[in-house]
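Since the structure comes first, as structure tokens, the remarks are kept for the end.
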Amino acid sequence: MSQKRFRLHLLPLSKKHRQFPLPRNVVTVCDGVQQPSDATIANLVLESDPLTLSEALFKPTIQWAPELVNKVLKRLWNHGPKALQFFKHLDRHPAYIHCASSFDHAIDIAARMHDYNAAWALVGRMRSLRRGPTPRTFAILAERYAANGKPHRAVRTFLSMHEHGCRQDLNSFNTVLDILCKSKRVEMAHTLLKTFRSRFKLDCVSYNIIANGYCLIKRTPMALNVLKDMVQRGINPTMVTYNTLLKGYFRSNQIKEAWEFYLEMKKRKCEIDVVTYTTVIHGFGVAGEVKKSRRVFDAMVKEGVAPSVATCNALIQVLCKKDSVENAVVVFEEMMRKGLCVPNVVTYNVVIRGFCHVGDMERALGFMRRMGEHGLRCSVQTYNVVIRYFCDAGEIEKGLEMFEKMRDEPCLPNLDTYNVLISAMFLRKKSEDLVVAGKLLMEMVDRGFLPRKFTFNRVLNGLVITGNQDFAKEILRMQSRCGRIVRRLKL
DNA sequence: GTAGGGTTAG
């Protein structure tokens, strides 16, 4: 279709917050009383006996506040049972009442473990305390249903909002559309949009969401149709609309179309923003046109558009993947020196992956250590990358060493960490490795992750072949406990 | 925290 009808709204440049991480394990002083940090409390929860936890949490030295509770919950994110234990113990505190956002976190954690009963019980509890539920609560539930392959339940959750005393408005409607699109149920979202067109006064956001959905599944012609429909209904596109479509062209490998669209945007004197530039830099780089990426980056600076950390990360990643990690590091250092942008965890992860990829594990580890200089902590993703590459190179011991290092931090492993390590335990065909695989499997279940059937069978077979029958039986019992959940969920 | 850009896989 022709883009001639599109009229542009001039938008201010987006100002993304830069990351200023907090020091860890510090004890802040409040009214002369030593107040433990979120890290200290998270460690306490991980280490203490559930029976004595209340006592520790009810100490008057801890001044509970929603921010502190939320930070602790975030730290315990990859240990669902402990996170919920913490939340429930604190729920019985004589003087502290959880706020809505803490309830939302807890509900998210319960739903992520597929425990919808617990999640809805928390919704009931927050309602009885008159702390919600809020539209955000329903967005979280819907998102979990959609992510767990239950898009219809996601929609029903949205439709049931008013039954729980929560108003359905355009914002919450757009949120559910977005959730469906992000879980690739774009047709369903589109149908929903058409169904509720008369009930909600749809805006540009609604249409942008659907167009983006079609772009995500690489159906740019449908995205264009949606935008055409939008314009015909008298809604003007915005910079978000254009950037969405531009990204869509790159995603479906329509590089020529992307370039033409970008030129068209420039020609029409659109106020090309930092997102447009980042999209183009990344898009060309991924397509192997690194020189073009660099030229666009330089043009951007020349035009006076300040690159964001995402822009820098895009260029650095592109150089790592399609040029050389050495050149990427040159850009990294230059950006820091010139103060163009402050590196964040993503920047480091990109560079670390770059070094891992060329087999330079020493420098990868060096950059991990350097993160502290910027007050950054290695994320679980950082560890996953390094563990994966160590294991791929057959250095299983080093992979396990990194896993131990995580434990010391503590940085809780996620599903990927366990999957990578368990797979690695089959490489050396050693009996001890299979016992480790079994232990990892037990640990991940303990922490609220549900291993795939394939993983269970693989570990079980391995243990039986290497003569670890007793351990295999133990795992089998654990599997049947999980099996009840699996059957209920039809996974 | 109603929508668009940067990480983890060859």
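Numbers below:
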{"item": "Top positive-direction residue, dipole computed over segment A:219-356 with Cβ charges, set A:A258, A:V286, A:N344", "result": "A:A258"}
{"item": "Cβ-placed point charges (K, R +1; D, E -1), dipole of segment A:422-491 about Cα centre in debye, nearest 20", "result": "440"}
{"item": "Built amide H within the under 5 Å cut-off of A:Q35, gap 5+", "result": "A:T28, A:V29, A:C30"}
{"item": "Selection from A:L450, A:I422, A:N468 lying farthest towards where the dipole of segment A:422-491 points positive, charges on Cβ", "result": "A:L450"}
{"item": "With every protein chain in place, chain A: carbon and sulfur % of accessible area (1.4 Å)", "result": "53"}
{"item": "Debye, to nearest 20: dipole size of chain A, +1 on Lys, Arg Cβ, -1 on Asp, Glu Cβ", "result": "2060"}
{"item": "Probe 1.4 Å, accessible area per residue of chain A, Å²", "result": "50"}
{"item": "Segment A:422-491: relative contact order in percent, alpha carbon pairs under 8 Å with at least 6 residues between", "result": "30"}
{"item": "Above-threshold pairs, the threshold being 20 Å between Cα atoms, out of A:K405/A:K439; A:K218/A:K266; A:K398/A:K439", "result": "A:K218/A:K266"}
{"item": "Backbone HN-Hα couplings from phi across segment A:435-452 [Karplus 6.51/-1.76/1.60, Hz, Gly and Pro as x]", "result": "5, 4, 4, x, 5, 4, 5, 4, 5, 5, 5, 3, 8, x, 9, 10, x, 6"}
{"item": "A:H190, A:H282, reordered so the largest accessible area comes first (probe 1.4 Å)", "result": "A:H282, A:H190"}
{"item": "Segment A:260-330-segment A:39-94 distance, computed between alpha-carbon centres (Å)", "result": "44"}
{"item": "For segment A:422-491, alpha-carbon Rg over 2.2 N^0.38 Å", "result": "1.06"}
{"item": "Estimated vicinal HN-Hα couplings, Hz - segment A:458-470 in sequence order (Karplus 6.51, -1.76, 1.60; Gly, Pro = x)", "result": "4, 5, 4, 4, x, 5, 5, 4, 8, x, 9, 4, 5"}
{"item": "Sorted peptide list for A:102-113, A:76-87, A:150-161, A:329-340, criterion being average Cβ within 10 angstrom, highest first", "result": "A:102-113, A:76-87, A:150-161, A:329-340"}
{"item": "Charge context of A:P451, other residues only, Cβ under 14 angstrom, K/R +1, D/E -1", "result": "+3"}
{"item": "Ranked order, A:M442, A:M300 - accessible area, probe 1.4 Å, largest first", "result": "A:M442, A:M300"}
{"item": "Summed residue charge, Cβ within 13 Å of A:D91's Cβ, Lys/Arg positive, Asp/Glu negative", "result": "+4"}
{"item": "Accessible heavy-atom area order of A:R388, A:R295, A:R447, A:R131, highest first, probe of 1.4 Å", "result": "A:R295, A:R388, A:R131, A:R447"}
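The values are calculated or read from the model by the stated rules, or taken from the named source; none is laboratory data. Every value quoted in this text rests on a predicted model; they were computed, and no experiment measured them. Counting neighbours? That spans all protein chains shown, and the Cβs are built from the backbone with ideal geometry, glycine included. Only protein heavy atoms, including side chains, enter the accessible area calculation; ligands, DNA and RNA are left aside. Shrake-Rupley method; radii C 1.70, N 1.55, O 1.52, S 1.80 Å.
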